[in-house]
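Have a look at the structure below before the remarks.
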Amino acid sequence: MLNVTIALEMKTSALSALGRRTAPPPISWLMQAALSRPKLISLAAGFTNNPTLPVEVSRKLLDRILRSPKTGQPALQYGITAGETNLRRLTARHLQKLDAVSATSKSHAWERVMITGGSQQLLYMTIEALCDEGDIVLVEDPTYFVFLSILQSRGLRARGVRLERDGLDLAHLEIVLQRLAKSGELRRVKALYLISYFHNPTGVTTSLAKKRGILKLLKQFERVAGHPIYLIEDAAYRELRFKGSDIKSALMVPGAAERVIYTGTYSKPYAPGARVGFGILPESLFATVQRIKGNHDFGTANLLQQLLAHALETGLYDKHVAKIEKRYGQKAQVMKRALAEHFPPNVEIWESGGGLYFWARLPKNIPAGVRSKVFQAAMKNDVLYVPGELCYADDPARRKPDHEMRLSFGSASEGNIREGVKRLGEVLRKFL
Ligand SMILES: Cc1ncc(COP(=O)(O)O)c(C=O)c1O
């Protein structure tokens, strides 16, 4: 009898609800496809430019750190959950400089800075800290697909807010909030996730005026929600700017510091392989997220933190960023010219002043999604893009658009950017 019971139990899964629910990342099979076709040119990956990765700079800095036991031992030891104090201070100073505020500014105090394993970890922990199953997070429509995967995995609902060329559509945000208030679901809304600089996937940057407008609306609806609604400002691409001037973060909106969770990263401007991220958190959330991080890893790898701290301290970080900004500017120009030459004129191209992406919008009646003829023809012609449909939340309020593509100039060589766009242009001309 016992054996029968055990046999029956063995047939059911040992996985948790989260384990069962977590879908495969949409991008993983795209990467797989790229690997299985050696001649394929990928304009899909959000990887950075290999030739400008700071190999020599990092060797020099690691050599300094590991030269003596005095500096080497702490770097090879466990550290502090919230991050090395020196790197937290340097990161605060770095952000103070970007936002042009004084070192005494409370909104940018180093005590609010947390160092994380990439900004991805901070995004995940923020959601863990704020959301229960069934809760709602507002997102830009479209948004960063990995963030959508976090929400999916944790059983949360995403609701899209329309995106315009200069950022979120405030009128639509108000409509979405009103709709949620009317249906009694506003109390489930915990945050709005905004990729405010050179947005992934569209390249859009949100103006400070719009950030102000967003915070004002969230505040207004908090009363009905009965709790704070946070703005998660993801600034992953802020430092990859090759045109125009920097825009201040939402932390600069008066009275906003207690509502803004600012996430940043050293991955894109320095090296994704070093994978150090950071955030500025409201005082009221810091301890909670710190406790969660204690359970994740009780501190980001110390050696990597030391590497970044030395890069910042010596000024080599700033020099490196200046170099790569220029390089990405050149690569963006190469892609822009290739798009103008090879894409049919009725494809709308969104160009950005930074980041890694162009956003291409085909006429609405030409699907370019994963199962579309365009996508299959592109694969056959050995070129890969990210179908825009992957970047849209499952939102019952609208049909998922599927006529767009994200094109990255980050990791492909100039030759491959030209050739990849040419191949894609050949495909599009057959359909348009
Ligand atoms: C918008 C956005 N946020 C966050 C991340 C995560 O970056 P990391 O974890 O390397 O800091 C990425 C990575 O591509 C991204 O595109």
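The values are calculated or read from the model by the stated rules, or taken from the named source; none is laboratory data. Please read all numbers here as calculations on a predicted model, not as lab measurements. Note that each Cβ is placed from the backbone with ideal geometry, even for glycine, and that neighbours are counted across all protein chains shown. Accessible surface areas use protein heavy atoms only, side chains included; no ligands, DNA or RNA. Shrake-Rupley method; radii C 1.70, N 1.55, O 1.52, S 1.80 Å.
Go through segment 414-429 residue by residue and tally those that are in contact (Cβ under 8 Å) with a residue 12 or more places away in the chain and either aromatic (Phe, Trp, Tyr) or open to solvent by less than 60 Å² (accessible area, probe 1.4 Å) (or both). Walk me through it before giving the result.
Step one: filter segment 414-429 for residues in contact (Cβ under 8 Å) with a residue 12 or more places away in the chain, giving 414, 416-429.
Those still in the list that are either aromatic (Phe, Trp, Tyr) or open to solvent by less than 60 Å² (accessible area, probe 1.4 Å) (or both) too: 414, 417, 420-421, 423-425, 427-428.
Number of matching residues: 9.
Being over 22 Å from Val321 (Cα atoms) and either without any contact (Cβ under 8 Å) to a residue 60 or more places away in the chain or among the acidic types (Asp, Glu) (or both): is that true of Thr81 here?
Details: over 22 Å from Val321 (Cα atoms): yes; either without any contact (Cβ under 8 Å) to a residue 60 or more places away in the chain or among the acidic types (Asp, Glu) (or both): no.
When the stated conditions are applied, Thr81 does not pass them.
Suppose the filter is under 16 Å from Ala250 (Cβ atoms), open to solvent by less than 20 Å² (accessible area, probe 1.4 Å) and touching a His at 6+ places or on another chain (Cβ under 6 Å); does Leu123 pass it? So that I can check it myself, show each step before the final result.
Values: under 16 Å from Ala250 (Cβ atoms): yes; open to solvent by less than 20 Å² (accessible area, probe 1.4 Å): yes; touching a His at 6+ places or on another chain (Cβ under 6 Å): no.
Answer is no for this residue.
Under 6 Å between Cβ atoms, at least 6 apart or on separate chains: pull out the pairs that start in segment 30-53 with a residue that is within 14 Å of the ligand (Cβ to nearest atom) and end on any residue that is open to solvent by 30 Å² or more (accessible area, probe 1.4 Å) and of a type in the set (Ser, Thr, Tyr).
Close Cβ pairs satisfying both conditions: Ala45/Ser411; Phe47/Ser411.
How many residues does segment 302-315 hold that are under 21 Å from the mean Cα position of the chain (by Cα) and open to solvent by less than 50 Å² (accessible area, probe 1.4 Å)? Don't jump to the end; show me each part of the working.
Pass one, segment 302-315, residues under 21 Å from the mean Cα position of the chain (by Cα): 304-305, 308.
Checking which are open to solvent by less than 50 Å² (accessible area, probe 1.4 Å) leaves us with 305, 308.
Counting residues in segment 302-315 that are under 21 Å from the mean Cα position of the chain (by Cα) and open to solvent by less than 50 Å² (accessible area, probe 1.4 Å) gives 2.
Which one is surrounded by the fewest Cβ atoms within 10 Å (Cβ to Cβ) among residues in segment 258-272 that are within 15 Å of the ligand (Cβ to nearest atom) and free of Cβ contacts under 8 Å to residues at least 60 places away in the same chain?
First pass over segment 258-272, keeping only residues within 15 Å of the ligand (Cβ to nearest atom): 261-272.
Remaining after also requiring free of Cβ contacts under 8 Å to residues at least 60 places away in the same chain: 266, 269.
Working: Tyr266: 28, Pro269: 21.
Out of the qualifying residues, it is Pro269.
Test Ser249 against the criterion of being in contact (Cβ under 8 Å) with a residue 24 or more places away in the chain, of a type in the set (S, T, N, Q) and open to solvent by 50 Å² or more (accessible area, probe 1.4 Å), and give yes or no. Spell out the reasoning first.
Numbers: in contact (Cβ under 8 Å) with a residue 24 or more places away in the chain: yes; of a type in the set (S, T, N, Q): yes; open to solvent by 50 Å² or more (accessible area, probe 1.4 Å): no.
Considered against the rule, which asks whether it is in contact (Cβ under 8 Å) with a residue 24 or more places away in the chain, of a type in the set (S, T, N, Q) and open to solvent by 50 Å² or more (accessible area, probe 1.4 Å), Ser249 comes out as no.
From the list Gly255, Gly244, Gly299, which one is more than 16 Å from the ligand (Cβ to nearest atom), assigned to a loop (DSSP other than H, G, I, E, B) and open to solvent by less than 30 Å² (accessible area, probe 1.4 Å)? Write out each step before concluding.
Values: Gly255 fails: open to solvent by less than 30 Å² (accessible area, probe 1.4 Å); Gly244 fails: open to solvent by less than 30 Å² (accessible area, probe 1.4 Å).
On inspection, the qualifying residue turns out to be Gly299.
May I ask you to say which residue of Ala378, Ala332 is open to solvent by less than 30 Å² (accessible area, probe 1.4 Å), in a helix (DSSP H, G or I) and within 20 Å of His199 (Cα to Cα)?
Within the list Ala378, Ala332, the selection yields Ala332.
Out of curiosity, is Asp135 open to solvent by less than 10 Å² (accessible area, probe 1.4 Å), within 21 Å of Val224 (Cα to Cα) and among the charged types (D, E, K, R)?
Numbers: open to solvent by less than 10 Å² (accessible area, probe 1.4 Å): yes; within 21 Å of Val224 (Cα to Cα): yes; among the charged types (D, E, K, R): yes.
When the stated conditions are applied, Asp135 passes them.
For the subset of segment 273-287 comprising residues that are over 18 Å from Leu90 (Cβ atoms) and open to solvent by less than 50 Å² (accessible area, probe 1.4 Å), which member is farthest from the ligand (Cβ to nearest atom)?
Filtering segment 273-287 for residues over 18 Å from Leu90 (Cβ atoms) gives 273, 282-287.
Retained after the next criterion (residues that are open to solvent by less than 50 Å² (accessible area, probe 1.4 Å)): 282, 285-287.
On the way: Pro282: 19, Leu285: 18, Phe286: 19, Ala287: 23 Å.
That would be Ala287.
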